[in-house]
Each structure stands twice: as C-alpha cells, then as structure tokens.
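The block underneath contains the structure these notes are about, expressed in structure tokens.
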Amino acid sequence: MNFIPIPLIIWLIEDLLYLIIFPGLVTILVLVIIIIWLERKIAAKVQMRFGPLWVSKKIGGALQSLADLLRYSFQEAIIPEKADKLAFILAPGLMFAFATIALIFIPVGPYYSALFPSYYTILFSVALIIITPIFAIIVGWASDNKFSFIGALREGFLLISYEVPFLLSVVSMIVIFRTYNYISAVQSQLNFLPGIILNPLAALTMLIVMIRTTGRFPFDITEADSELVLGLFTEYSALFFGVGMATPYVELYNFSLIFSLLFLGGWWPLNVNVMNPLYGLFLPGLVVVIKAFIVMAILVFLRAVYPRYRLDQAVRSGWSYVLLLSVLSVILSIVEVMFLR
Amino acid sequence: MSEKIFNIDDLQNIKVEGEKYIILQIGPSHPGSGHMRIKVWLDGDIIVKVDPDIGFVHRTSEWLSERREWIKAIPIVERIMLPDTVHANLAYVLAVEKLLGIEPPPRAQYLRSLVAEINRITSHLYGIGIFGIFLGSSTVYMWAFGDREPFIDLMEMLTGARITTSYIIPGGVRWDIPNGFKERAETVLQYMERRLKDYEDIWVKNPVVQARTINVGVLKKEDAISLGVVGPNLRASGVYYDTRKHQPYAAYPNLDFEVPTMKNGDAYDRLLIRVEEIKQSIRMIRQILKDLPEGKIIADQIYNQLNPVMKKNYEEKKRVMFPAFMIHMRPPPGEATAKVEAGRGEIFFYIKSTGDKYPYRFRWVTPSFRNLPFFTHVAVGHRLADLPTIYGSIDYFPPEADR
Amino acid sequence: MNEVRKPRDPVTGHIKALAKGFKYLLEPNRMTLDYPAETMKLPPNYRGFFTVDDKKCIGCSMCEMVCPPEAITMVPRIIGEGGKTLPAPEGEKETKGPKRTKRPVVNWGKCIFCYFCVDVCPVDAFIPTQVHDVAFEKDKDYRPSYEEYLKPPEEPYKNAKKVVSKADLKRGVSYEPAP
C-alpha cells in the first residue's frame, strides 16, 4: 500500500468537493434558485405585492424556482426547422459550462481551491469569464430568428464596449496588490485595507460591468422584451431555455465572488493560518460566498428601480464614462502604489 | 426626424426597396405590440419605415349597434374602450339625449363628471403602467395598475361594477352616491397625491427614463395639428385644446380646472402631461364632491314613467330602474353628434335616427385611431428601441382604434 | 409647465430612485389580496350573479327584450298545476287553475352583468347577489335549466377568510376582517 500517493488522493477529494459540492455545482444551483426567488420577492415587495407564494406557502414560495426548473425539464424541447441544430443545442450548454468552469480558478479560501494554487488565477478566471458571451452570440445566430439575431448583435456591441473597462478595473487591482493571485490579493487586503477603500473607482467600474454582463437592469438590453420578445432565447424552450436563463445568474455568482475577493477583503474578518478542515477550508469559503450573495442581492434589487437603457446609450456610456472611470482607476492605483512605496 | 410639416396624404409615400433592410414583424403576438402588427423596416438599428397593421381586434361595434335597440349600444361601446368605459358611455348617451331632447338634472351632471374624472385617472394610470413595462420598468407597471385599484374600488362602490359600469343612461345616471363615499374618495385622493411624489422619484425623474424619453418621438405643434392628433398627445405638442373647455358637457362648465400643455411634444412631455392631468382630475373630484347639488339623479321625463315599485326603489335605495321607455325608445328622426374628452383624447359620435327602434347610422371615432400617425410619421428615423417608447408614450390601445 | 420638465441631474436622480426603491423594500406596504385564502365581501350594490324570485315574476319578457347580449331566454312554465290556487304575487289577484306563463333563464356564458334586466323588471323580481367568481366546469353549466337557475349561486372558497376593502392613506387599499 506504500505506493498509493496519499496527498494526491486528498487533493482529488478536495477538488471534487470543491467543484461539485461547495462552492461548485450544488452550491451554484442552490444559490441560483434562491437568488431568482429573492429577485422576484424583492421586486414584489417594492411593487406592493406578494410575489411567488403558492408553491410552498409556508416558506414564502421559496421552492418556486425549483418548480420552474422541474417544469423546464419536462417540457417538450422544440428545435426550429431552419435552426443550425448542432449550434442550437450545444451553445446554451457550452455557455453554462464556461460560466461554471471559471470557478476552478477562483479560490474561496487560502487552502481551498480546485487546482494546484496557480500564480495566475486572476488572469485565468477573467479570461474564462470573457469567453461566455461569445456563446451567447452563437445562441442568437443559431436560432435563425430575427429577434435573436438582433439580440446577438446587441450582445456583441455591449460585449466589446464593456470588456475593456472590466479588464482595466481588474488591472488596477492587480497593480495595487502587485499579484496575479487571488490568495495573495486577499492576504494583502487583510494586512492593510479592503480593495473597495483602496480603489473605489475600480469597484464602481466592476459593479457597472457586472450589471451589464449579466444583463441586470438597467442594461437588460439583449432581452428587451418590448422589442425583442426574449432576445437571444426567443426560439428556445424546455431545459435549453432553463439553462440559458440560469447562465446569467451563474455569471453573476462568479463576478460576485471575484468582487468579494478583490474588493471586499475575501474572507475578512477571518485571518486564517491554521490548516484545519473546518476552520481552514470551509469557514473562509462560507464568508466569501455570503459576501458574494449580498452583492448579488444588491444587484438584483436594481430590477425594481430601473427601466432599461437604449443600446446606443449603453454603448456610448461604455466607451465614454465607464472607460474613463476605469482609466482613472488604473491611474489612481499607480499613484497609490507610488505613494505607498 | 420631423423636419418638415407633414402632409396628410403622404402617409404611405415612403418607398422602401431592396434587400438592404431587415423587415421586422412586431406582433400580433408579441410582448411589445398589443393586439396589432407593426411592420418595421430597419436599416441597421434605424427605423426606415413603419407600417402599423390594425384591425386584429375589430369588433364591428357600429354594425352591432345599428341592429339593436338604442339602449343596448351602451355596453357595446364600453367594451371597445375598456380602460376608458365611462367616457364612451357618456359620449353615446350625450348624442342620444340630443336626439331625445332630454336634459339631465344638475346632480346627475355632476355625478357624470365625477365618474368621468375617476375614470380619467384610471385610464392615465393604465397608460403610465403600459409605458413603464414597455421601457422595462416592472415596478411602474405594477404600481400604476395597483394604484388604479383604489379608484376602481370607488367606481365599484358607486356603480356596482369595477370597469364596465354602464352607469350613465339617457336622462341621468343609475345610482346615487352611497354613504361613506365622500370620505373614502378623500382618502384615496390624498393617497394618490402622496404617491405621485414617489412616481416622480422612481419613474418621472429617473435618469434612465429621462435618457430614454427626452427628445424621442418629437411631434411639433404644426405637425400635430395637420396630422389630427387628439387628447393629451396634442396638448403635449403645445396645442391648447380640450373638449371639456371648448365644448363643455356634463358639469364641466361649473368646474374650475386648468388644461395643462407642454412645449416640446416629445415622449417625456407626453408622460408629464398625463401626470399633470391626474393632478387636475384630483382637483376636479374634490370640487365635485364639495359642490354636489341636491336633487334628482334622473330627468323628470324618465322619472314620471317609473311604476310604483320602481319609485319606491328610487326613494329607498337611490337606484334608478328602467321604465319600459328604455327598451322602446324611438328618438325622433334627426342627426346628433357628441364630443367627449376621454382619457386618450376626443371621442366623436355621430348618430342618425329615422324614428325607428334601432339607430339608422351609428358612427364613432375613437381617440386611439386618430393617434395612429405617430407610428407612420414620428417613429421613422428613430432606433428600434425607441418604437416601444413612442408606442407607450402615446398610450395607444388597439381595441379602441379597431372598434 | 417648464418647471415640471426641468431634468434632474443624473447623480441625484440615481440616488433618489435607489433610495425610494429601498424605502419601499423596507416598509410594509402590500396592497394585494391573498385571493383564494382571503376573499372579499363586496359592497351591497355589487353586480354579481343573480337569480329570480319565482313568486314575484310575472313573465312579462321585459328582461329578455332589454338584455344587450341576448343572454336571457324565456322558458315556458305552467304554474298552478292541477287547478290548485297558487299564492298570488304581491299586489295581484289570486288566479285559479293552471296557467301558462314564462320565466327567464340566464345563459352565464353570454351575460355581461350590466344589470339592465334587474333594473327593467317592473316588479323587481330579480334577486342580486355579490357572488362573482363562480367557475363552470362544463360548457353545459353555462346554460342552466330553469330549476338550476333558481338556486342561488354557490360561492367558491367557502373556508376563505372574509375581508372588506378599505381606502388606506399608506397602501391605497387595505383589508380588514369582514363584520
């Protein structure tokens, strides 16, 4: 039995635990179900009504999203005759997969991550997140529907105009922390100040980009129902539609994790140095996920306040105000670093 | 966008050829179309031509009314203008009364104005709500539809029905105001005044709304006149015209109110003018409830025909029952027209009687139909996303236009 | 009216909108009714389903004539079977012997609840109720026979909490338990 590499097994178990249970797929599913319910409940509260209630009335209708998911699972999946069938079927799945895969580069604790702790986790996760919208464009193209097509074009325009500010806001944090690694970034925040105080401009940019990329209001432009029916997912039904609808929430989850790691001090106030299964592995992760959940809740609250911008207005503000903001945030970071040195 | 003054004749003159354009069929089954189809030619994101295809909910109201007794047209015209039932009812009854030569008593006149103004508020809230959901704000949609509820409850208390009230009959109205109505109305009006401030923060002065509506869908004063636009949309373009002021009916000659007008004629002005009109309606309801004259609610010609059971009911329950005259009404031969300022604009009625028990000719023009040029003329040159803005801002209601 | 139009600067506008939304998120303000669990007791003049008083009705067909959607049909009915004297309707002489007459039946699929028939009845024979939310399972149920029509309509959700609506300064409409 000597030749079984015990560290490898531990590592494998830890990986599986990470990817499948917490904060991987199961957590994502539970959180997406809760956040969709919460979004509807928040909107309902602002709008002076009940919101989802009659599915599981005792707990305020919290199982409504689960019921919806079940309904999507058993619905007939209709594939339009003229659609590009392979792309039509694969694209939502790939979209969801890439949105989920970004998680393997996002550690939620100093000793708890999916891969060997890489030095370049920030870069990898950001790169993977940026891939997701490309599948959205494929979705729009594959349906052979004018509304989906216009939705895909809009997605493309917005994708390009908000990618640069997003990258610049991440770059400004990299400049401040002088690392490409989430764990070191969090450690340096624990030692000094959380990123949102160090560079509020970058935090604001990141928030705007999160709202935009995940299609929250007021940037709900790609699926503007009063002109585009459902935008990208007009032709979709059944589980394909369910997956497509859940993907923005998964992206939102990833973005919120990144936001809480880069700006909200990660697992602050826990300062973990002990390699203990509970204290070292799960508790910091729990703190990060709770912070991410609060960020998500704040962003879904915007639905209750805003209508949506027009495409040209969103693109223009992306290339002007938001870009300016992100450039300023990089400059701020550089100035701070020089000053602190 | 609207640089030149439009000529009525060039409605369909915009020629579009070639395969350069995307032709988008918005509707008739589309979240942003209502019961109509809007055919849009798009050059990229810019609208080149719009062809509104109406008639999907044409319900032959004129044909039906010409083959029924006079009284039976009341529910028919109500069902055409569902958010605005009282005005359709009132306009028809005014025309019939002109033929019959009946003048309703003052209390009935005031009650007519009361329900008309309550209905105007609900109609404008309906419009604001639909505008909200067209721009993506579900909150304003729910708020506006929720805030119709207190007013609809008032109507229910007064007339026994929430929307299709059939309240106004030739010679007067059907029910007198019940006990506790005035207090309840005052509470509702105060509530609405408070809520309008909240609307201001979350909707009217929301930067996103202002970005979406200011200078979108501009209709200049001259164009508005030459295209024959009516109602709040006309007043938003700066034309001071309101049937309630210019050809007053019901209790409006005795009421003190202003007709708000705007200058720019864009979607934002059309939104603001509805908010301002709600404020004026609140003011009018207060006046009506204060000055409500005593007396009968039905003209003596009708009252004298009531049988003893009906008269007893009138004294005890303040409820007007119908004498047989209502069924066998045969207005003397002649023509009559009536105009009423409804929530969306002016309703025009033309009725011709040959002394028969059915109307010989029954013709009416609804305000939404006259606001149709907004699609063909104003929307051209805007972006696709501006089409819902223009549609929502003119408060277009397809069943009303189709009749 | 230009002071109304004056645009608000974006920063104040965003902050005010968010603050108002947040205020509504926190304070209790629900104005909707939890419908099947609570049902409303409607005002006495509410126009709901109605039935007819067989004793009062004189079979004059006025209701059939005034009905705008032509939902009312007069069905033949023989009263006073076997020559027995029936209790006479109010204010009329007693009649002897079987008598052919007519009675109204409403097709609920057509009825629009305008209450023209209720108001035109010269003897006020219709009995209005406030029941408005009856559901019909079969197409046939829309067209009751005269005997079925005479039964007062059944209110669904009998176990529901009865509430009355009330104008409220804060919520617009609030509900309190019915007396």
Residues located in segment B:192-206, provided they are at the interface with another protein chain (Cβ under 7 Å from one of its Cβ atoms) and either closer than 22 Å to B:Leu154 by Cα or not in a loop (DSSP other than H, G, I, E, B) (or both): B:Asp198, B:Asp201, B:Ile202
Residues located in segment C:17-36, provided they are part of a loop (DSSP other than H, G, I, E, B), of a type outside the set (Val, Ile, Thr) and under 30 Å from A:Val305 (Cβ atoms): C:Glu27, C:Pro28, C:Asn29, C:Arg30, C:Met31, C:Leu33, C:Asp34, C:Tyr35
Residue selected from segment A:60-111 under the condition surrounded by 15 or more Cβ atoms within 10 Å (Cβ to Cβ) and of a type in the set (Asp, Glu), by the criterion nearest to A:Pro23 (Cα to Cα): A:Asp68
Top-ranked residue of segment B:243-268 - restricted to ones that are among the charged types (D, E, K, R) and under 17 Å from the mean Cα position of the chain (by Cα), ranked as nearest to the other protein chains (Cβ to nearest Cβ): B:Lys245
Near pairs, Cβ below 9 angstrom, 6+ apart or cross-chain, from segment A:296-309 (within 12 Å of A:Thr214 (Cα to Cα) and buried (at least 24 other Cβ atoms within 10 Å of the Cβ)) to any residue that is modelled with pLDDT under 90 and of a type in the set (Val, Ile, Thr): A:Met296/A:Ile35
Scan of segment C:164-179 for residues that are more than 13 Å from every other protein chain (Cβ to nearest Cβ) and in contact (Cβ under 8 Å) with a residue 40 or more places away in the chain, ordered by number: C:Ala178
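Every residue, every condition in (1) buried (at least 22 other Cβ atoms within 10 Å of the Cβ); (2) under 23 Å from A:Leu324 (Cβ atoms); (3) of a type outside the set (Asp, Glu); (4) within 14 Å of another protein chain (Cβ to nearest Cβ), yes or no:
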{"position": "A:Ala127", "(1), (2), (3), (4)": "no, no, yes, no"}
{"position": "A:Ile137", "(1), (2), (3), (4)": "no, no, yes, no"}
{"position": "A:Phe149", "(1), (2), (3), (4)": "no, no, yes, yes"}
{"position": "A:Ile174", "(1), (2), (3), (4)": "no, yes, yes, no"}
{"position": "A:Thr179", "(1), (2), (3), (4)": "no, no, yes, no"}
Residues satisfying the stated conditions in segment A:131-159, i.e. more than 20 Å from A:Pro248 (Cβ to Cβ) and in contact (Cβ under 8 Å) with a residue 12 or more places away in the chain: A:Asp144
Within segment A:184-231, helices (runs of 4 or more DSSP H) holding 1 or more residues that are more than 14 Å from every other protein chain (Cβ to nearest Cβ): A:195-198, A:200-213
From C:Asp124, C:Asp141, C:Asp133, residue being facing another protein chain (nearest Cβ under 9 Å) and acidic (Asp, Glu): C:Asp124
Residue in segment B:131-154 that is nearest to the other protein chains (Cβ to nearest Cβ), counting only those that are aliphatic (A, V, I, L, M) and crowded, with 23+ Cβ neighbours inside 10 Å: B:Leu135
Selection count, segment A:19-48, where residues are buried (at least 21 other Cβ atoms within 10 Å of the Cβ), within 17 Å of the chain's Cα centre (by Cα) and not hydrophobic (A, V, I, L, M, F, W, C): 2
Residue list for segment B:354-378, filter: of a type in the set (S, T, N, Q) and surrounded by 18 or more Cβ atoms within 10 Å (Cβ to Cβ): B:Thr366, B:Ser368, B:Asn371, B:Thr376
Filter pass, A:Leu257 being surrounded by fewer than 23 Cβ atoms within 10 Å (Cβ to Cβ) and either aliphatic (A, V, I, L, M) or not in a helix (DSSP H, G or I) (or both): no
Scan of segment B:209-230 for residues that are within 11 Å of chain C (Cβ to nearest Cβ) and under 17 Å from B:Val275 (Cβ atoms), ordered by number: B:Val209, B:Gln210, B:Thr213, B:Ile214
Residue pairs meeting the criteria (Cβ under 7 Å; at least 6 apart or on separate chains; first within 16 Å of A:Ala152 (Cα to Cα), in segment A:83-94; second part of a helix (DSSP H, G or I) and β-branched (Val, Ile, Thr)): A:Ala87/A:Ile138; A:Ala91/A:Ile138; A:Ala91/A:Val139; A:Pro92/A:Val139; A:Pro92/A:Val243
Odd one out for B:Ala299, checked against (1) more than 11 Å from chain C (Cβ to nearest Cβ); (2) surrounded by fewer than 17 Cβ atoms within 10 Å (Cβ to Cβ); (3) under 19 Å from B:Pro104 (Cα atoms): (2)
Condition met for B:Glu103 (within 21 Å of C:Pro44 (Cα to Cα) and of a type in the set (Asp, Glu)): no
For B:Thr164: the one exception among (1) surrounded by fewer than 24 Cβ atoms within 10 Å (Cβ to Cβ); (2) more than 14 Å from chain A (Cβ to nearest Cβ); (3) assigned to a helix (DSSP H, G or I): (3)
Residue list for segment A:160-195, filter: under 30 Å from A:Asp225 (Cβ atoms), out of contact with any Ser or Thr (no Cβ under 8 Å at 6 or more places or on another chain) and in contact (Cβ under 8 Å) with a residue 40 or more places away in the chain: A:Ser161
Unmet criterion (only one of (1) facing chain C (nearest Cβ under 9 Å); (2) in contact (Cβ under 8 Å) with a residue 12 or more places away in the chain) for B:Leu271: (1)
Residues of segment A:249-308 satisfying the condition of being hydrophobic (A, V, I, L, M, F, W, C), at pLDDT 85 or above and over 25 Å from A:Phe177 (Cβ atoms): A:Val250, A:Ala297, A:Val300, A:Phe301, A:Leu302, A:Ala304, A:Val305
Any hit, segment B:59-71, residues being surrounded by fewer than 23 Cβ atoms within 10 Å (Cβ to Cβ), modelled with pLDDT of 85 or more and under 26 Å from B:Pro388 (Cβ atoms): yes
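The values are calculated or read from the model by the stated rules, or taken from the named source; none is laboratory data. Since the structure is predicted, the reported quantities are computational estimates derived from the model, not experimental observations. Ideal geometry is used to build each Cβ from the backbone, glycine not excepted, and the neighbour counts take in all protein chains shown.
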